[in-house]
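Below is one structure; the comments refer to it alone.
Only the coordinates and a few stated rules stand behind these numbers; no lab work does. Quantities reported herein were computed from a predicted structural model and do not represent experimental measurements. Here Cβ is always computed from backbone atoms with ideal geometry, including for glycine, and neighbour counts include all displayed protein chains.
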Amino acid sequence: MSLTSLAFSAPLPPSIWTHDHPALRFYAAYLQDFSQHYDTADPEAYYAPDCKMIMPDGSIVKGGIWEYVGRELYGAFLKVTREMLSLIVVSDEEAGTHDIHIQLVTSLNTGDSRVDLPQAFTYTVGKADEAINVTSRSAATPIEMARTFDVTSFFDQEAFSDITVKFGTRERRCHKMILCSKSIYFNDLCGPAKKFAEAQQPIIELKDDDEEAVEALLRWLYTFDYEHRHTGNAPDSPEEESTIDFHLSVCLVADKYLLQDLKNEALSRLRTRLETAVDESEFTRVLIKVRYEDITYPPPVLEIADEVRDARLGALVRNEAFRELLGTDAVLCLEMMDKMLAGKVLVGGSEPELEDEEAQSELGDAFEEKAYFRCNNCRRQELLEASTMAWACNNQRCVRAWATASTRQTVWVKK
């Protein structure tokens with residue numbers, strides 16, 4: 001197979017429409033009639049009889065394509081304008097066909113307002129007549145119009161790549177059009193504005209990042225699935241530990257390179273893992289990693305860690321690793337006690353009740369059982385000995401209140 005390509009990026013030069021490439025001449029003629037003359041132009045000049053259009057919802061429109069697109073799809077708007085962002089032609093000389101990949105923004109005007117609609121299309125056309133131009137057209141016909149320009153197969157491919165991204169010991173062949181259209185950071189680095197020296201070079205280097213995370217970031221730019229090829233297994237380490245560290249690293253690079261959607265996705269997967277897929281010892285390890293190591297994580301990471309910690313506090317206070325952490329951080333220990341006393345966290349939750357001897361064995365000598373009361377009238381709180389089964393608030397407003405007017409809860413506090 002012999003393939004050749006021709007690529008243009010915004011702003012498209014006017015010469016593109018007078019280019020001698022047959023596919024470009026055909027598409028220029030198509031645009032003219034589609035934009036201005038669809039009422040009178042012969043649709044068979046552009047669409048083969050068996051042409052089909054694949055819609056975003058997966059449905060297929062067969063026949064009447066010209067009528068559908070010209071009248072039903074865009075005919076309801078007062079004005080429709082288009083801004084072309086990029087155009088790539090891939091030609092198969094042996095088969096005599098050309099694939100035209102187009103990205104554009106279509107503006108739908110209603111008079112009072114305008115909606116900008118990002119679109120991407122792939123047109124496959126047959127071998128065009130060399131004489132075709134914007135005023136003289138022949139029987140060159142599109143075979144099919146697809147709904148999107150699928151770039152997933154372009155990740156780390158030599159074909160049509162125009163830039164190499166190096167990170168650590170790795171490098172990946174990429175495409176400026178894809179990097180710059182999806183990332184503000186890469187657009188500033190090597191886009192049309194050319195604010196950095198890297199814009200003049202075919203190679204850019206990203207430094208001081210986790211290699212797996214950068215690999216995931218680049219993959220996501222093409223496929224929107226950053227975990228697709230990640231195994232989750234680091235040498236001699238549990239699968240869950242590697243996977244959580246991987247999500248944390250993706251959060252870091254997504255934040256650094258200004259990819260908010262990627263960061264949101266990584267945060268969501270991180271929360272799910274912390275809530276459901278790790279035990280208390282592993283969660284404590286992650287908590288130490290994000291709170292105490294010399295890495296500045298984005299604030300949402302810390303917020304998720306704190307929220308999950310509070311939700312799992314009843315089980316965490318029975319875990320040796322978490323108790324050791326409390327023993328080294330007095331501020332955190334006091335904060336956890338305040339939360340339990342204020343009733344802001346679930347101390348027991350759905351966990352089974354423990355007999356006193358069993359509970360003491362589980363918690364060790366560092367904690368002791370207490371009875372926590374809160375007045376149902378004035379909300380006053382008291383922490384008393386575990387043997388206290390009833391308490392009456394002595395507030396003047398509650399002087400007549402009995403034990404039944406207060407709520408008792410068993411808590412474990414550090415000695």
Subtracting the Cα-Cα distance of Arg285 and Tyr185 from 0.36 nm times their residue separation yields 32.8 nm
Two pseudo-spin positions, 7 Å from Cα along C-beta at Thr276 and at Asp92, lie apart in nanometres by 4.3
Per the rule of 0.36 nm per residue minus the C-alpha distance, extending Ala7 to Asp208 adds in nm 69.1 nm
Of the listed pairs Lys182/Lys207; Lys79/Lys182; Lys79/Lys263, those with alpha carbons more than 32 Å apart are Lys79/Lys263
